[in-house]
1. List the pairs whose first member sits in region 176-193 and is more than 14 Å from LYS15 (Cβ to Cβ), whose second member is at pLDDT below 90 and open to solvent by 50 Å² or more (accessible area, probe 1.4 Å), and whose Cβ atoms are under 7 Å apart, counting only residues at least 6 apart or on separate chains?
2. Out of the residues in region 155-179 that are open to solvent by less than 30 Å² (accessible area, probe 1.4 Å) and over 14 Å from the mean Cα position of the chain (by Cα), state the one that is farthest from LYS24 (Cα to Cα).
3. Can you pull out every residue in region 58-81 that is surrounded by 11 or more Cβ atoms within 10 Å (Cβ to Cβ) and out of contact with any Leu (no Cβ under 9 Å at 6 or more places or on another chain)?
4. From the list LEU209, LEU201, LEU190, which residue is surrounded by 10 or more Cβ atoms within 10 Å (Cβ to Cβ), in contact with a Leu (Cβ under 9 Å, 6 or more places away or on another chain) and modelled with pLDDT under 90?
5. Which members of region 45-57 meet the condition of being in contact (Cβ under 8 Å) with a residue 24 or more places away in the chain, closer than 30 Å to GLU79 by Cα and open to solvent by 70 Å² or more (accessible area, probe 1.4 Å)?
6. Output the residues belonging to region 24-44 that are over 14 Å from the mean Cα position of the chain (by Cα) and either open to solvent by 40 Å² or more (accessible area, probe 1.4 Å) or within 17 Å of LYS163 (Cα to Cα) (or both).
7. Mind checking which residues of region 97-134 are open to solvent by 50 Å² or more (accessible area, probe 1.4 Å) and at pLDDT 80 or above?
8. Out of LYS152, LYS182, which single residue is modelled with pLDDT of 90 or more, open to solvent by 50 Å² or more (accessible area, probe 1.4 Å) and in a helix (DSSP H, G or I)?
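The values are calculated or read from the model by the stated rules, or taken from the named source; none is laboratory data. Please read all numbers here as calculations on a predicted model, not as lab measurements. Note that each Cβ is placed from the backbone with ideal geometry, even for glycine, and that neighbours are counted across all protein chains shown. Heavy atoms of the whole protein, side chains included, go into the accessibility calculation; ligands, DNA and RNA do not. Shrake-Rupley method; radii C 1.70, N 1.55, O 1.52, S 1.80 Å.
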Amino acid sequence: MPSAQVNATRMELTKQKKKLATSKRGHKLLKDKRDELMKQFLDMVKENRALRQKVEQALMRAHGSFTVASALMSSEMMEQSLLYPKQSVELGMKFKNIMSVNVPLYQFQTKSADSGEIYPYGFATTSCELDDAVDALSSVFQDMLKLAQMEKACQLMAEEIEKTRRRVNALEYVVIPDCEAKIKSITMKLDENERNNTIRLMKVKDMMLAQQIEAQRKADEEAMAAFKASNA
């Protein structure tokens, strides 16, 4: 059944047919978009899982090195060694469009290109485990940034997939069936009106034919009466 009463006119029928054609075309495009989004989303999830494992393992190594360094060095020496960093990092962000989803791309640039600038202390009073920990953190930073970028992209893609899925379902289960029901209802009413008009025309034709027959009969009777009167 249509969601609302519509005027049973040919103009309305044409309007509903155009709406149905547009809805079907949009439904197909949205389904294709949803499928492609799902494909890219699953690929990103796999990559994200592998990258997360890599980052977690690197952080565990860095944590282990820091733990050993903390055991070999006093807390005051550890705090003093890491108190004033020599290297600084600037983060930048731009966007990449993936199936109408603007996913962020993070970039970072260090103040100095010298790899030795990551150590904010002298090597004479610190342990080599602290060097290993700082080097491990410096190495994993790029992967951490990429992981943040990947997880944000997955979140945005998931939201877009859900939004597209709702639109596909709305077209498939609400808009398209409603248009088809309205078209069927209007077509049935127009056919019924056409049949009624045909029946009325046939009745009018029968009435006109009966009137012509009656008029002809009266004319014949008058002619016969005049003929008899002239022969009397």
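1. ALA181/MET1
2. ASP178
3. Quick first cut of region 58-81, residues surrounded by 11 or more Cβ atoms within 10 Å (Cβ to Cβ) only: 58-70, 72-73, 77-78, 80-81.
Answer for region 58-81, where residues must be surrounded by 11 or more Cβ atoms within 10 Å (Cβ to Cβ) and out of contact with any Leu (no Cβ under 9 Å at 6 or more places or on another chain): MET60, ARG61, HIS63, GLY64, THR67, MET77, GLN80.
4. Exactly one of LEU209, LEU201, LEU190 is surrounded by 10 or more Cβ atoms within 10 Å (Cβ to Cβ), in contact with a Leu (Cβ under 9 Å, 6 or more places away or on another chain) and modelled with pLDDT under 90, namely LEU190.
5. ARG52, LYS54
6. Of everything in region 24-44, those that are over 14 Å from the mean Cα position of the chain (by Cα) and either open to solvent by 40 Å² or more (accessible area, probe 1.4 Å) or within 17 Å of LYS163 (Cα to Cα) (or both) turn out to be LYS24, ARG25, LEU42, ASP43.
7. ASN97, MET99, SER100, ASN102, TYR106, GLN107
8. Exactly one of LYS152, LYS182 is modelled with pLDDT of 90 or more, open to solvent by 50 Å² or more (accessible area, probe 1.4 Å) and in a helix (DSSP H, G or I), namely LYS152.
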